[in-house]
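This report refers to the structure that appears directly beneath it.
All of the numbers you see were taken from the coordinates with simple rules; none came from a lab. Since this is a predicted model, take the numbers as computed values, not measurements. Using ideal geometry, Cβ is built from the backbone for each residue, glycine included, and neighbour counts are taken over all protein chains shown.
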């Protein structure tokens, strides 16, 4: 008998023994009147694991006594660049940041020449993860979060998330509109997101900075990315409000909440419906008597209405175009225009000079318009002049004459 045949025979015997043991365990459980799940046959009882233990609780990690502390073998460090406009603020608060990091056994440096912030471990560091918290602190400071708020990330139960939204939308105007949709009118949408997720959210530039619990950060990232994908945040806000109310009911703790949560479906309009909607909007804009924000309501015609009242207003007849059998005159081409102006006969250098001059004139015109727009903010409003003594006397005389 070969070695392969002998090994296969041994494995088959072992598998038969294991199957027999498993069937014996299932038979013993069924005889006791208990149904055993297939995936829980070999699971043993854990007397130390009771229901009153919170497995998700973050335990504190205090500093060990000085006689038991041992420094790390290697130094860990993170460096991060910051924008130029943050330099004055970072210089003013760097002393408080340094003292806060020293309390956690970290050291930091601010390099104004290279525009760089660095955090690194020291011989007093006892928590190996705190250097990652220091890196998150530098990220938040570089993204515009103020120092008192950013220092909260050093706590064990608070994390941060930098959501990059700059590359999610190609069109710049559309990107600005959707980013403003996150903030909402007077910041109401952003405030609702912060209250429901219990996170701090800051929208600035091409990123959204968030601070809070891991569960809240997950919801914030979902809301932000959906908003940039043209899903309004109000839908997620409604869902979070319903979830908060359902969590208060202990009866629904072990039930599915799908029947309570709203389902929003996108409505795809036909081309004819889109055209009709666009034409109605243009008519409302062209007519000054109609409120552009009003929504037209088409009421059904009942039998009580008179024919004169129910009949629609006669539409203005379109003037018929005069039919001509001849085609429209051919428009002059670019070559014809160059021949008419004499530009065709110019030398290449002369053409370049003319094009540069036109380009320069256009740039000067645009620069002048932008300069005028910037200077509008610095134009002082007209000041009210107090009345002189003579003008006051004249006003007093007029008032006495009228009396």
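Details
- Proxy reagent accessibility, fewest Cβ within 10 Å first, across 189, 98, 324: 324, 98, 189
- Counting neighbouring beta carbons within 10 Å and listing from fewest to most, the residues 257, 48 come out as 48, 257.
- Extension gain, residue 77 back to residue 118 (0.36 nm per residue minus Cα-Cα distance, nm): 14.1 nm
- Shape analysis of segment 75-156 places it in the prolate category; the axes a ≥ b ≥ c from the Cα gyration tensor give an a/c of at least 1.5, with a/b above b/c.
- Based on Cα contacts under 8 Å between residues 6+ apart, segment 75-156 shows a relative contact order of 35 percent.
- Whether segment 158-254 is rounded, prolate or oblate, judged on the alpha carbon gyration tensor where a/c under 1.5 counts as rounded: prolate
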